[in-house]
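Notes follow once the structure below has been shown.
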Amino acid sequence: MDKYLITEAQQFDEKRFTKINIIHNKRSVAFLLNFLPDQHMKSHNHPDRELYLHVIQGSGQFLINGEELEVGKGDVIYCGEEEQIGFTNTGEENVSIFATMTKLSD
């Protein structure tokens, strides 16, 4: 068993959003996405993987398959392997999103 602190992964960068891995093994990864106000992540997908996203701080807007989805602290989002996902911090405070991504097949 391993224990990690999410707060240690809350690392922000003035130049771009950050992705900080917390746990990584051959089938899955848990990581934190950190956004300063107005920072964004381009839309992309994760073939052969499913993704769970939990907003733990702040608010913003996901773009999932071209559809805008407003989210805030406490919201949880599921994305399947073919879904295109992007994010923008539209708020005035920092955003942190805890994510787990799991490989669907070997």
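For residue 30, the test of being hydrophobic (A, V, I, L, M, F, W, C) and in contact with a Ser or Thr (Cβ under 8 Å, 6 or more places away or on another chain) is passed. Answer yes or no as to whether residue 36 is within 24 Å of residue 68 (Cα to Cα), surrounded by 17 or more Cβ atoms within 10 Å (Cβ to Cβ) and under 12 Å from the mean Cα position of the chain (by Cα). Taking the combined requirement at face value, the residue does not satisfy it. Taken as a whole, the structure leaves residue 82 outside the set of residues that are surrounded by fewer than 17 Cβ atoms within 10 Å (Cβ to Cβ) and over 30 Å from residue 26 (Cβ atoms). The residues in segment 45-58 that are in contact with an Asp or Glu (Cβ under 7 Å, 6 or more places away or on another chain) and crowded, with 17+ Cβ neighbours inside 10 Å can be counted, and the count is 4.
Against the criterion of being among the polar types (S, T, N, Q) and in contact with a Leu (Cβ under 7 Å, 6 or more places away or on another chain), residue 94 qualifies. Assessment of segment 63-76 against the conditions (part of a strand (DSSP E or B) and among the polar types (S, T, N, Q)) yields no matching residue. Considering segment 73-91, and only residues there that are within 17 Å of residue 10 (Cβ to Cβ) and over 12 Å from the mean Cα position of the chain (by Cα), the residue that is modelled with the lowest pLDDT turns out to be 91.
The values are calculated or read from the model by the stated rules, or taken from the named source; none is laboratory data. Nothing here was measured: the structure is a model prediction, and the numbers come from that model. FYI the Cβ positions are ideal-geometry reconstructions off the backbone, even for glycines, and counts take in every protein chain you see.
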